Each structure stands twice: as C-alpha cells, then as structure tokens.
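Written below as structure tokens is the structure these notes are about.
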Amino acid sequence: MIKVAYIQFAPVLNDLNSTIKNLEPLLENVSNAKLVVLPELSNSGYNFKNKKQAFHTAESIESGTFTNFLIEKCKQYNFHIVSGINEIEDGKLFNSAILVNSGGCIGKYRKIHLFMNEKKYFHHGNELPVFDLGFCKIGILICFDHFFPEAWRILALKGAQIICHPSNLVTNLAFKTLPAHALMNKFNIITANRIGREGDLTFTGKSSIFNPFGEVICQASIDNEEATLFEIEPNTADNKMITPRNDIFKDRKPEIYAKYLNNV
Ligand code: ACM
C-alpha cells in the first residue's frame, strides 16, 4: 500500500506568491504521502485576460520559481509531486504537468487535447510518457484529456498503475468518464481539481480517487480547500482479469482495430 494525496485549492490568477503561500500548509498536511497531485495550471491560474497575461505567468521548468518551490517541498517531505504548470519553452506556451522529487524535475507531460480558450494560448503536446517511480508506475493526463479514451488506453498498455490527472474542470462530465476509464483500463486515477471562480468560469471541485473497479474511494467537496491523503495498492492495476476466463487486455483484438484506426 502507498499513501497518495490530492490537493484541491484555488491558484491565484497572476499572483504566484499568494498561490505559494496558500499551498504551503496544504502540502504540510499531506507530508506523509509518497505521491501528491495538484491541479492544472497551479502556478498561473486558468482564465487569462489575454495572451500577455498567459505569457507573463508562464515559467521555464529549468529555472522556474514554482518548480523550485515544489522541489524544495519534496526535499522537506520526501514525496513526489505531479503539478499542472503554465510552461514556456522557446517562446511557446504549454499546458503541462511536471513530476518532481527531491532530486529535481524528473518528467513532464504536455496536455494534448486543449479546451476552449486554451487553444488561443497553448501548443499541444505530442507524448504519452509513463514514469516508473520505483514504488508505482504513473501516467499523467490533464483535465479535458478525460474525453479521449485512446490516451487512457495507451497509458494502461504502457503499464501505468496510477493516472495523475491535474484538472481545472468547469463541468461535472468527468465524473461520468473517469470511473469508466478506471474500470475499463483497471487502473487507479487521482484527479486533483481546483475550486473557485475566475471571470465567467466556476470550477467544480470534487477532487477524487478512483480505483480499478471504477469506484470513487475518496472525494472532496465542491468548494473547499482540501489536502487529502488516502492509501491505495498500485499493484491491483496489474490484474486485468474480470472473470476467470477474461483478461481484458489479453482479450483485445488490436489487429482488427488497426484495420479501422488506420483509415479514420
Ligand atoms: C479543462 O480542460 N481545463 C476543462
């Protein structure tokens, strides 16, 4: 069993110092966790006024204040963090999630499926990495990626036992798709959603952990800050049997799917 956690809070748009101040006690509350997941775009906020603000609030992962803050917290508490971040590289913005530990930033995922106004600011990512942390294997997807079952299946086929899912959800649709992804891929999902309002957007909270049976085993409120720790067994995700004669991964027929996927 390992202790995992989500942090549900409201990053402050365009005010990194206040965001960091708000996060400190929340991270302390889950200092016993091995793996902590934070919401999407935790360093910047979400609903940018314009392109200038989107660029102003972005940071490069190598030298960023927010990344360095998270690394310091990993040194202090000896956990791993997956956090959404507004990332800039070579003059381009990405809606990314970084994986950090006491040794630094050890991985990242760039959101592939961009939602609404995100298309005005961000370039989409091209990779679906899986990271072996020693105590579990994780994949990362961000918020609206929840509508694209292909991405979840690929991470499952690559051996991910836990999908970390930083989010800034503005509807409740993910609470229908996510249990289905967990069940159909038989892995765990940690969704860290944000709360609060930015302009015309209200974020929906209810950060959750889903087990490989598609059950919600832990869920936050709609609008409170919460730092919640829960124990899960990552290895249960390695068992894809749903009856004594059905391993849902061995029963797949990729050669049939390929005939159609190559043409659509
Ligand atoms: C979203 O992808 N932030 C809805």
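The values are calculated or read from the model by the stated rules, or taken from the named source; none is laboratory data. Since we're looking at a predicted model, the values are computed, not measured. Using ideal geometry, Cβ is built from the backbone for each residue, glycine included, and neighbour counts are taken over all protein chains shown. Note: areas computed on protein heavy atoms with side chains; ligands, DNA, RNA excluded. Shrake-Rupley method; radii C 1.70, N 1.55, O 1.52, S 1.80 Å.
Give me the three principal axis extents of the range 1-135 from the C-alpha atoms, as integers in angstrom, largest value leading.
So the three principal-axis extents are 41, 32, 25 Å.
Which whole-number percentage describes the relative contact order of the range 107-235, with Cα contacts under 8 Å and a sequence gap of 6 or more? Can you show the working numbers first?
Working: 243 pairs, mean separation 23.0, N = 129.
Result for the range 107-235 is 18 percent.
Keeping the other protein chains in place, figure out the carbon and sulfur percent of the accessible area of the range 143-254, with a 1.4 Å probe.
Details: 2860 of 4990 Å².
Taking all protein chains in place, the range 143-254 shows 57 percent carbon and sulfur surface.
In square nanometres and to one decimal, what's the mean projected area of the convex hull around the Cα atoms of the chain?
Projected area, direction-averaged: 14.0 nm².
Aspartates and glutamates near K92 by alpha-carbon distance under 12 Å, same-chain residues fewer than 8 away left out - which ones?
Within the straight-line cut-off, K92 pairs with E59.
When the distances between all Cα atoms of the range 152-224 are binned every 10 Å from zero, what whole-number percent does each bin get?
Bin by bin from 0 Å, the calculated values are 22, 49, 23, 6.
Could you work out the Rg to Rh ratio of the range 130-264, with Rh taken as the Kirkwood radius (inverse of the mean 1/r over all Cα pairs)? Mind showing how you got there, number by number?
Numbers: Rg = 15.9 Å, Rh = 15.8 Å.
Taking Rh as the inverse mean 1/r over Cα pairs, Rg/Rh reads 1.01.
Any idea what log10 I(q)/I(0) is at q = 0.21, 0.22, 0.23 Å⁻¹ for the range 112-162, Debye with uniform C-alpha scatterers and no solvent?
-0.76, -0.81, -0.85
Leaving out same-chain residues fewer than 8 places away, which aspartates and glutamates sit with a Cα under 17 Å from that of K253?
Output for K253: E150.
Quick one: accessible surface of H124, probe radius 1.4 Å, all protein chains present, in square angstrom to the nearest 10.
100
Taking K and R as +1 and D and E as -1, what net charge do the other residues with C-beta under 13 Å from the C-beta of G159 add up to?
Numbers: positive: K137, R153, K158, K186, K240; negative: D132, D238.
Net local charge, G159 excluded: +3.
Once you have the Kirkwood Rh of the range 184-264 from its Cα pairs, apply Stokes-Einstein at 4 °C and 1.567 mPa s and quote D in µm²/s.
Values: Rh = 15.7 Å.
Using the Kirkwood radius from Cα pairs, D works out to 82 µm²/s.
Output wanted: per-residue J couplings in Hz (rounded whole) for the range 35-48, from phi through Karplus 6.51 cos²θ - 1.76 cosθ + 1.60, θ = phi - 60°, x for Gly and Pro.
9, 10, 10, 10, x, 4, 6, 5, 7, 10, x, 10, 8, 4
Could you work out the relative contact order of the range 142-215, using alpha carbon pairs under 8 angstrom and six or more residues apart, expressed as a whole percent? Intermediate results must be reported in sequence, preceding the final value.
Details: 126 pairs, mean separation 24.0, N = 74.
In percent, rounded to a whole number, it is 32.
Pick out the long, greasy-scoring helices in the chain: whole DSSP H runs spanning 15 Å or more along their own axis by Cα, mean Kyte-Doolittle at least 0.0. Intermediate values should be presented prior to the final figure.
Details: long enough: 16-29 (20 Å, -0.34); 65-77 (18 Å, -0.35); 174-185 (16 Å, 0.40).
Going by DSSP H runs, the hits are 174-185.
Considering amide H positions built from the backbone, and no H for Pro or chain starts, which residues 5 or more places from G196, or on another chain, come under 5 Å of its amide H?
For G196, whose amide H was placed from the backbone, the distant partners under 5 Å are F203.
Report the relative contact order of the chain, percent, no decimals, based on alpha-carbon pairs under 8 angstrom and at least 6 residues apart. Don't skip to the answer; put the middle values down first.
Details: 609 pairs, mean separation 53.9, N = 264.
Across the chain, relative contact order equals 20 percent.
Order D251, D132 by their accessible area, 1.4 angstrom probe, all chains in place, largest first. Show your work: numbers first, answer last.
Details: D251 65, D132 105 Å².
Final ranking, largest accessible area leading: D132, D251.
Any idea of the accessible area per residue across the chain, 1.4 Å probe, to the nearest Å²?
Working: 11990 Å² over 264 residues.
Per-residue value: 45 Å².
Tell me, what is a quarter of the convex hull surface for the C-alpha atoms of the range 62-215, in nm² with one decimal? Intermediate values should be presented prior to the final figure.
Numbers: hull surface 37.4 nm².
Averaged projected hull area, Cα only: 9.3 nm².
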